[in-house]
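Laboratory data are not the source of any read-out in this text; all were calculated from the coordinates shown. Keep in mind it's a predicted model, so treat the numbers as computed, not measured. Positions of Cβ are generated from backbone atoms using ideal geometry, with glycine treated the same way; all protein chains shown enter the neighbour counts.
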Amino acid sequence: MEKMLRINMGADGGPKASSIPVGEYSGLAGRALTSALVSKEVPPLCHPLGAENKLVISPGMLSGSLAANSGRLSVGCKSPLTGGIKESNAGGMASQTLARLGYAAIVIEGKPSGDDLYTIFINKDGVNINVDNSLKGLGNYALVEKLKQQYSEKACYISIGPVGEMKLASASIACTDMECRPTRHAGRGGTGAVMGSKNVKAIILDDTGMGMRKPKDPDKFKEANKRWVDGLKKHPVTGEGLAAYGTNVLTNILNEAGGYPTHNFMWGRFENHTKISGETQAALETERGGNPTHGCHRGCVMRCSGIYMDKYGQYLTKQPEYETVWAHGGNCGIDDLDTIAMLDRLDDDYGIDTIEMGATIGVAMEAGLAKFGDGAAAINFVNQVGKGTDMGRILGSGAAVTGKVFGVERVPVVKGQSMPAYDPRAVHGIGVTYATSPMGADHTAGYAVGSNILGIGGKTDPLSPEGQIELSRNLQIATAAVDSTGMCLFIAFAVLDQPETFQALIDMINAFYGFNLTADDVAELGKSVLRNERAFNAAAGFTSAHDRLPGFFTRDALPPHNVKFKVTDAELDQVFNF
Amino acid sequence: MTIDLILYASLPKFVPGSVAGIPITVQAPDQTTVGVVLSQAGIPDDMRLILLVNGLSATRDQELRENDRLAVFPTIAGG
């Protein structure tokens, strides 16, 4: 990965690709690379949909190697949703494939002057950029089916649906999975709108003829990878729990803990939680001939993904994730898994972030546009977004815009990005992360739920502000580093509990690159990523006033524990004091 | 006293006929601890668990009260 592919979509005479050495970004990958490049090259005050913004797609340090679970992709840009820097992370096959093609990043720059829609094909022989206006308006599923006929079923596809073409702020970028379905998305922050603004419909990656990336010290790497896999397999979460029930196993525990946001963050428990829980979902998938145990990319040993069949036994969508089931489920008062799975399918097809869409529907229901629990209305809302009606364009612009348009105060966003499936009043640690992450409200940026609720990586009281600043700080630093390795974030459950598994990861990186990194060096990498991101946001106009939760979280008590968010502003301002 | 015991994820396998998320009514003497209820349900003493009593984090040593809701999970995570 010593080269980078720069594609100027606005070049004279049409889009132009140049393969160049990574130069000053050498040694960086994943989020470290996307955030370094965006913070250095994108004017912080530019319009996110303008020619000055850049879309950076980067595999992680270990992607494309034999390292288990190394297939996460980072997508960076200035976000149309938040106005700040964005790194959105996706599974699927793209990261491994792009890394094996030898690219540390694809950087899509500039903007074409016309309306032509482009595809970018990359294989071992180089790059072809083609106009293909026949793809306009296609959903991700139909798009991939069509492109598979033209290219190959073995290729990997990175694409946008119609919502990306419309440049709406909730638009995602889809990556195909092991079955070549467009189910794994860089969902958050509107990266799909930036891809749409560059008139790029799809990137096709074909790594035929390219082997696995080779470590500098193969024997040490192999030995470290064995310890790594053993560590993941022996931990109860990464070895068993995720495979059996998927991420939706969290529904019941967040509900029991009173931190499951229900009816647009009105309550902390949803009475019909067992109807949409991971246990129920896994049993239904098995009964219908689907599969609750499935990896989103080759080389995954945790296999938290799954296959969801409809009531006729036909494929409908991948197993909806916990965040999706919550966003479209309890948050909207919907207790029917088939409705939620249909919403997931539509989100993936139109190319929409499931969290932003679900939170937006919750706000729309609060505004009285539909009743909580009305699944048909929720499906209609998403179809309107996909079709681009006037109402759909409002909803597709996210929860913050929808709240403004319809006069709703209770809008659960930070920096314009909607909160995921944990109420910060009952899970204080995640509230600190929501408030302060440079990404906007993002649970993955510092997953304090582990310590607050699940007893992983220590134990803290979820209802108290005590210890939450330090917890969130350490997790945000660690996460920024993990997001740079290409590793799935869920490895953290094993790494936080098992120091020897963390050491195996460091040993693997060192053996691969010939480095001598220590745990402190890994922490420093995470800090440097956050410094870049914070500097970009500051130059884009963000201040400490943006590192806050909406006022209702500190004013209105959340049942059943009747708690408010109690971390003070002064404490929040200490998160980044490193 | 009466306790509602709710087992989740893989734990119903220890109590034949139980279903994840459906409360099992347990009769127990006053001052019974969480650990005693778990042992009587056949859940191994050395199993790593997440314990919640009325939605609040609990330990095996904690004494239960009339009508408490004891929710029990194996170590799980997601996100």
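Results, tabulated for the structure shown:
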read-out	value
Principal axes of the range A:3-205: Cα extent on each, largest first, Å	41, 41, 31
Derived scalar couplings ³J(HN,Hα) [the range A:115-126; Karplus, 6.51 cos²θ - 1.76 cosθ + 1.60; whole Hz; x for Gly, Pro]	9, 4, 9, 10, 10, 10, 10, 10, 9, 5, 8, x
Estimated inter-spin distance, A:Val405 and A:Gln150, nm [label 7 Å along Cα→Cβ]	3.2
Residue-count net charge about A:Gly514 - beta-carbon cut-off 11 Å; Lys, Arg +1, Asp, Glu -1	+1
Dipole magnitude of the protein assembly as shown, debye to nearest 20 (Cβ charges: Lys/Arg +1, Asp/Glu -1, about Cα centre)	1360
Share of alpha-carbon pairs per 10 Å distance bin for the range A:144-215, given as whole %	21, 44, 27, 7, 0
Relative exposure of A:Met4, A:Met178, judged by other C-beta atoms within 10 Å (fewest first)	A:Met178, A:Met4
Equivalent-ellipsoid semi-axes of the range A:263-422, from the Cα gyration tensor, Å, largest first	27, 16, 15
Cα lying deepest toward the dipole's positive end in the protein assembly as shown, options A:Ala370, A:Gly23, A:Ile307, charges on Cβ	A:Gly23
Estimated [θ] at 222 nm from DSSP helical runs (n ≥ 4, -39500 (n - 2.57)) normalised by residues in chain A, nearest 500	-11000 deg cm²/dmol
Rounded to 5, percent antiparallel among DSSP beta bridges of chain B	75
A:Glu500-A:Lys459 FRET efficiency (beta carbon distance; Förster radius 22 Å; 0.05 resolution)	0.60
Selected from B:Val34, B:Pro16, B:Leu70, residue furthest toward positive end of dipole (chain B; charges at beta carbon)	B:Pro16
Interchain or long-range residues, amide H under 5 Å from A:Gly306's placed H	A:Gln319
Charge dipole magnitude, Cβ of K and R +1, D and E -1 - the range A:263-422, Cα centre, debye nearest 20	240
Table column - 3J(HN,Hα) (Hz), the range A:128-142, Karplus curve with 6.51, -1.76, 1.60, x for Gly and Pro	10, 10, 10, 7, 8, 6, 5, 8, 4, x, 6, x, 4, 5, 5
Kirkwood Rh in Å, taken over all unlike Cα pairs in the range B:2-67	12.1
For the range A:395-544, alpha-carbon Rg relative to the globular expectation (2.2 N^0.38 Å, N residues)	1.15
Shape box of the range A:1-77 [Cα atoms, principal axes, largest first, Å]	41, 27, 20
Peptides A:203-210, A:93-100 ordered by average Cβ neighbours within 10 Å, highest first	A:93-100, A:203-210
Dimensionless Rg ratio for the protein assembly as shown, taking C-alpha atoms and the 2.2 N^0.38 Å reference	0.91
Cα centroid separation - the range A:176-210 against the range A:368-417, whole Å	25
Quotient of C-alpha Rg and 2.2 N^0.38 Å, computed over the range A:80-165	1.18
Base-10 log of normalised Debye intensity for the range A:20-121 (one unit scatterer per alpha-carbon) at q = 0.15, 0.25 Å⁻¹	-0.62, -1.32
Alpha-carbon Debye profile of the range A:174-257, log10 I(q)/I(0) at 0.20 Å⁻¹	-1.07
Charge dipole magnitude, Cβ of K and R +1, D and E -1 - chain B, Cα centre, debye nearest 20	280
Those trypsin sites (Lys or Arg not before Pro) in the range A:344-433 that DSSP places in a loop and that have at most 10 other beta carbons within 10 Å	A:Lys371
Of A:Lys311/A:Lys387; A:Lys146/A:Lys233; A:Lys201/A:Lys275; A:Lys311/A:Lys564; A:Lys40/A:Lys124; A:Lys459/A:Lys527, those spanning more than 31 Å from alpha-carbon to alpha-carbon	A:Lys146/A:Lys233; A:Lys201/A:Lys275; A:Lys311/A:Lys564
Given charges at Cβ of Lys, Arg, Asp, Glu: the protein assembly as shown dipole, positive-most of A:Phe565, A:Cys156, A:Tyr260	A:Cys156
